[in-house]
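Shown next, in structure tokens, is the structure this report addresses.
Values in this text are rule-based calculations from the coordinates and carry no lab data. Since this is a predicted model, take the numbers as computed values, not measurements. Positions of Cβ are generated from backbone atoms using ideal geometry, with glycine treated the same way; all protein chains shown enter the neighbour counts.
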Amino acid sequence: MTKIGIILGSTRPGRRGEQVAQWVHERAARRTDAGFQVIDLLDHPLPHLDEPTPAAMSGGRYQHGRTRAWADAIASFDGFVMITPEYNHSIPGVLKNAIDYLCAEWNNKAVGFVSYGGLGGTRAVEQLRLICGALQMADVAPQVALSLLTEFENYTTFKPGDHSTTALDALLDQLVAWSTALAPLRATSERQPRA
């Protein structure tokens, strides 16, 4: 069965992302065409990138055990939903750092985005689309953009509107379809010998 990771891309105290990740997971768990699991970056404490060899050149050989654990976690999924707030028109540094730790483990996988912020986090997703494209990920067009003004009561309690649920369902439909369609490419790259 296709396996999708829901990456909670903020570790900030008081983050709204936990509520969003729970909503995405609960909605996704109703599906029968894929399995879904939340990946909380708090569970994968990665210091500022400290691998001596760039991931693209490492051939999957990492020096640190925490990097190998992160690589194993990401490699086990066929696609991802990345949940991100918007900080200063971009993504949190912790999410960028976690992405940069790896390379091949992201390749030939589909990715969809759920963002939140004053303007729904859309500018953060613009950045993520470029980053994921550089990692040979296929980003799906449907996106969920959650405004702190309209979908968080008192800016803190998440209460998604029906339109957001509809958008999430469209995102998951395409994400599962693309993750499944990319399986032959992933199988081919897994058979390639590592340098």
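For the stretch 146-162, backbone phi angles converted through the Karplus equation (6.51, -1.76, 1.60; θ = phi - 60°) give residue-by-residue couplings of 9, 7, 4, 6, 10, 10, 10, 5, 6, 6, 10, 9, 6, 9, x, x, 4 Hz, Gly and Pro being listed as x. Full extension of the chain between residue 162 and residue 64 gives 30.9 nm of extra length, using 0.36 nm per residue less the Cα-Cα distance. Loop-located chymotrypsin sites (Phe, Trp or Tyr not before Pro) in the stretch 1-84 (DSSP state other than H, G, I, E, B) with a sparse environment of at most 14 neighbouring Cβ atoms within 10 Å are absent. Would you please name the chymotrypsin sites (Phe, Trp or Tyr not before Pro) within the stretch 112-186 that are DSSP coil residues with at most 11 other C-beta atoms within 10 Å of their C-beta? Passing sites in the stretch 112-186 are 155.
Beta bridges per DSSP, both residues in the chain: antiparallel share near 10 percent. Under 17 Å from a label point set 7 Å out along the Cα-to-Cβ vector of residue 180, the amide N atoms of the stretch 3-37 belong to 3-5, 28-36.
Once you divide the Cα radius of gyration of the stretch 1-81 by 2.2 N^0.38 Å, the number left is 1.24. With all pairs of different C-alpha atoms in the average, the Kirkwood value for the hydrodynamic radius of the stretch 126-175 is 12.4 Å. About the centre of its Cα atoms, the stretch 2-191 shows a dipole size close to 220 debye [charges on the beta carbon of Lys, Arg (+1) and Asp, Glu (-1) only; nearest 20 debye]. For the stretch 8-47, applying the loop criterion from DSSP together with a ceiling of 11 other beta carbons within 10 Å to the trypsin sites (Lys or Arg not before Pro) yields 30. Distance from the C-alpha centroid of the stretch 9-49 to that of the stretch 117-195: 12 Å, rounded to the whole angstrom. Maximal additional length on extending the residue 170-residue 37 stretch stands at 46.0 nm, based on 0.36 nm per residue less the C-alpha distance. Taking a straight line from the alpha carbon of residue 109, these lysines sit under 18 Å away, with near neighbours fewer than eight places off in the same chain left out: 3, 96.
The per residue volume of the convex hull around the alpha-carbon atoms of the stretch 2-191 is 106 Å³. Legend: calculated FRET efficiency, residue 141 to residue 97, from the Cβ-Cβ distance at R0 = 35 Å, rounded to 0.05, equals 0.85.
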